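S.K.: First the structure, which I've put down as structure tokens, then a few questions once you've had a look.
Here, each number is a calculation from the coordinates, and none is a lab measurement. Keep in mind the model is a prediction, meaning the values are calculated, not measured.
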Amino acid sequence: MGIFDYFRSPKTRSASQAKERLQIIVARERAHRSGPDYLPALHREILAVIRKYVHVDDEAVQMNLEREGDCEVLELNITLPEKD
């Protein structure tokens, strides 16, 4: 029966690898869900204010929220069109 055990052993290894990958995916999804719910609304409002003065595309405004210790840092990058 030793030869048959040789063919069966990789299944347990692939199952544990799949479990580890699934745990990583679940942890990443939980991290995304823990983000503030107000960011999409804030993004739309900032874009509306900017559009009062300059025409910009939706992709021209990029927001990024980073956690540094006990603080959260909101980074806002706006690509303004060139003046004619």
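S.K.: Quick one: what are the phi-derived ³J(HN,Hα) couplings along segment 44-53, Karplus 6.51/-1.76/1.60 with θ = phi - 60°, whole Hz, x for glycine and proline?
M.R.: 5, 5, 5, 4, 5, 5, 4, 5, 5, 10
S.K.: Further question: Residue by residue through segment 72-80, what is 3J(HN,Hα) from phi via Karplus (6.51 cos²θ - 1.76 cosθ + 1.60, θ = phi - 60°)? Round to whole Hz and write x for glycine and proline.
M.R.: Once rounded to whole Hz, the list reads 10, 10, 9, 9, 10, 10, 10, 9, 8.
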